[in-house]
Each structure stands twice: as C-alpha cells, then as structure tokens.
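The values are calculated or read from the model by the stated rules, or taken from the named source; none is laboratory data. No experiment lies behind these values; they were computed from the predicted model shown. Accessible surface areas use protein heavy atoms only, side chains included; no ligands, DNA or RNA. Shrake-Rupley method; radii C 1.70, N 1.55, O 1.52, S 1.80 Å.
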Amino acid sequence: QVQLVESGGDLVQPGGSLRLSCAASRSIFSVNAMGWYRQAPGKERELVAAITSGGTENYADSVKGRFTISRDTTKNTLYLQMSSLKPEDTAVYYCNVRPPIWGWGQGTQVTVSS
C-alpha cells in the first residue's frame with residue numbers, strides 16, 4: 001500500500017502563493033503520470049494538474065498560467081507551485097497517480113481568503 005503525504009497548505013490572501021508537496025512511500029520514477037487533485041466543499045474531486053514520466057504537464061483551464069506541477073524522482077516527491085491564488089482555489093488538495101488508483105492521503109487544506 002503506497003502512502004501519500006501532502007503538505008504545504010495554509011491560509012493565504014488572494015493573489016498570494018503557496019507550494020504544496022506530496023511525499024510518496026515508494027519510487028515514482030517509473031510512474032507514467034501523477035497529478036494534483038482538489039476537492040472544494042460540496043463539490044466533486046477534480047484533477048487540476050498532471051505530469052507524465054516524460055515531463056509533459058497538463059493543467060485544468062481554471063489554473064493554467066497560475067499553477068506549476070513538478071516532481072523530484074530522487075525524493076519521490078511531487079510539487080505544486082501555486083501563484084495568483086483566488087478564493088475559488090480554496091479546497092483540500094491531494095496527490096495521486098493518474099488515473100488515481102493509489103489510496104488517497106489526508107490532503108492539505110488551502111484556504112484563500114482576505
């Protein structure tokens with residue numbers, strides 16, 4: 001069972017930035033694709049960013065140009081750099097493979113509010 005531990009969430013003002021991290025308990029070097037997902041209150045969990053083993057990045061339209069996904073295979077860690085944050089980015093953020101066949105971690109709360 002792979003363990004995923006997300007961190008880096010916080011309360012931030014609109015326009016602010018955060019960097020999320022996701023540490024995996026196994027190697028992610030050979031994983032085809034990993035992604036960051038988020039779930040806002042009362043909404044379905046959605047994929048916001050993904051990265052393939054070849055380094056190809058994909059983003060939801062709502063975060064394109066503001067979020068950047070990256071990974072460090074030597075640390076088995078996935079990152080999400082978020083900038084120009086908006087109140088609608090408020091959610092619990094999770095990482096997983098794509099499609100999300102691993103168990104979910106506890107997530108990290110991001111709250112964007114003045």
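Using Cα pairs closer than 8 Å and at least 6 residues apart in sequence, work out the relative contact order for the chain, in percent. Could the numbers behind the result be given before it?
Working: 280 pairs, mean separation 43.4, N = 114.
This gives 38 percent for the chain.
For segment 38-114, what % of the accessible area comes from carbon and sulfur atoms, probe 1.4 Å?
Numbers: 1840 of 3980 Å².
Of all accessible area on segment 38-114, carbon and sulfur atoms account for 46 percent.
Normalised radius of gyration for the chain, please: alpha carbon Rg relative to 2.2 N^0.38 Å, two decimal places.
Values: Rg = 13.1 Å, N = 114, 2.2 N^0.38 = 13.3 Å.
Computed over Cα atoms of the chain, the ratio equals 0.98.
How much area per residue is accessible in the chain when the probe is 1.4 Å and only protein heavy atoms are counted (Å²)?
Values: 5920 Å² over 114 residues.
On a per-residue basis, 52 Å².
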